[in-house]
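Below is one structure, written out as structure tokens, with a few remarks after it.
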Amino acid sequence: MKFEATMNAQRRLALKKRLKFCGDNVSIDPTSTIMVPGKMTIGHNSMISCYTTIYATFGVEIGNNSMISSNCGISSYGHKQHSLNRQADVAEDVNFSKPVIIGNNVWVGMNACILPGVCIGDNSIVGSGSVVTKNVPANEVWAGNPARFIKKLDL
């Protein structure tokens, strides 16, 4: 048990050093995966829960005090729709590969999927199992597949 805790702490420290920016008091579960961590920033007091996968190829920003629940998928990289174009996939395809920005005080529910180019505004909530294909304005709850507006948060 002590050995496992030590290994998890060392893994978190190594990952935090590889991120573009990592704030204070950040928690990244050891079962989560971050591809291209040098293109990802995570703000103070934020957390990434277990089994979450983040593809930060074109940049992922997570603000302060935000929570990414377990088994989420976040990707700044997409693929072309036409089959012949997918075979000759080019990473620089700006139509399908764009940064993902998650604001401050955001809660992303379990099993949510956030697609390339999406911005989630401050103080918003993304419901469990949602597939976010559009920007989520600040202070709103969105849920569903595809995610849609549910209600405005009264802060």
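Key figures for this structure:
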| item | result |
| --- | --- |
| Computed FRET value (nearest 0.05) for R18 with H44, which takes r as the C-beta separation and R₀ as 22 Å | 0.75 |
| Linear extension gain, K151 paired with N135, 0.36 nm per residue minus alpha-carbon span | 4.3 nm |
| Charge sum, other residues only, whose C-beta stays under 15 Å from N123's C-beta, Lys/Arg counted +1 and Asp/Glu -1 | -1 |
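Bear in mind that the values in this text are calculations on the coordinates, not laboratory data. Keep in mind it's a predicted model, so treat the numbers as computed, not measured. All Cβ positions, even for glycine, are placed from backbone atoms using ideal geometry, and neighbour counts span all protein chains on display.
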